[in-house]
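A quick write-up on the structure given underneath.
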Amino acid sequence: MNIIKQRVIQAMELTNEFYQNLEDVDLRLKIPNVPSNTIGEQAYCIIGARESYLEALKEGQWSKFRCSLTDSTEKELVVNKLTESNANIGLFLEKHIDVEININFLIDLLEHEVQHHGQLIRFAYANKLIFPESWHNRYTV
């Protein structure tokens, strides 16, 4: 698996660990005193991007943003959708290890995932949340 594929998987696993580390109530938190969505709504965007970019990788072209997450306030549902989308992308990348795919979609997915890491770091600091050990190792938070 090339380095970009490995980094996509690594980034998704970090995101999953962040959300596994939360409580249900944390999904409703915002960044105080600035325009902000919630941590759960961040998950909606992450899951939707994973699902939408996977579809684009399969079809070879962008279709539209879609997300199967129906409730961004339930930790179990959020974690399950993050795990499912991670697994689906991982299986696709393994199956297409030696097959040409549109690398731009893969890079876009990686950029999107990592951009949310930066946002989640701000959410965690603003709400005094504890980071998983993997985030301390990756980002020295």
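The values are calculated or read from the model by the stated rules, or taken from the named source; none is laboratory data. For clarity, every value in this text was computed on a predicted model and none was experimentally measured. Glycine gets a Cβ as well: all are built from the backbone with ideal geometry, and neighbour counts include every protein chain shown.
Structure above, values below:
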quantity	calculated
Among (1) more than 15 Å from residue 120 (Cβ to Cβ); (2) in a helix (DSSP H, G or I), the one test that residue 26 misses	(1)
Members of the stretch 53-65 that are in a helix (DSSP H, G or I) and either basic (Lys, Arg) or more than 11 Å from residue 109 (Cα to Cα) (or both)	55, 58, 59
Some residue of the stretch 4-21 being in contact (Cβ under 8 Å) with a residue 12 or more places away in the chain and farther than 30 Å from residue 128 by Cα	yes
Test: residue in the stretch 33-40 that is of a type outside the set (Val, Ile, Thr), at pLDDT 95 or above and buried (at least 17 other Cβ atoms within 10 Å of the Cβ)	yes
Subset of the stretch 1-23 [acidic (Asp, Glu) and assigned to a helix (DSSP H, G or I)]	13, 17
Residue count for the stretch 115-141, restricted to those that are exposed (fewer than 15 other Cβ atoms within 10 Å of the Cβ) and of a type in the set (A, V, I, L, M, F, W, C)	2
Failed condition for residue 60, given (1) in contact with a helix residue (DSSP H, G or I) (Cβ under 7 Å, 6 or more places away or on another chain); (2) under 19 Å from residue 8 (Cα atoms); (3) at pLDDT below 95	(1)
Neighbours by Cβ (under 9 Å, 6+ apart or cross-chain): first from the stretch 37-64, more than 13 Å from residue 81 (Cβ to Cβ) and touching a residue at least 40 places away in the same chain (Cβ under 8 Å); second hydrophobic (A, V, I, L, M, F, W, C) and assigned to a loop (DSSP other than H, G, I, E, B)	39/22; 39/29; 39/129; 53/62; 56/62; 57/101; 60/101
Odd one out for residue 34, checked against (1) closer than 30 Å to residue 95 by Cα; (2) among the aliphatic types (A, V, I, L, M); (3) without any contact (Cβ under 8 Å) to a residue 40 or more places away in the chain	(1)
Test: residue in the stretch 115-138 that is in contact with a helix residue (DSSP H, G or I) (Cβ under 8 Å, 6 or more places away or on another chain) and of a type in the set (Asp, Glu)	no
Any hit, the stretch 95-104, residues being surrounded by 16 or more Cβ atoms within 10 Å (Cβ to Cβ) and within 16 Å of residue 19 (Cβ to Cβ)	no
Residue match in the stretch 45-52 (condition: in a helix (DSSP H, G or I) and either at pLDDT below 95 or farther than 18 Å from residue 8 by Cβ (or both))	no
Selection count where residues are exposed (fewer than 15 other Cβ atoms within 10 Å of the Cβ) and within 11 Å of residue 43 (Cα to Cα), scope the stretch 81-94	0
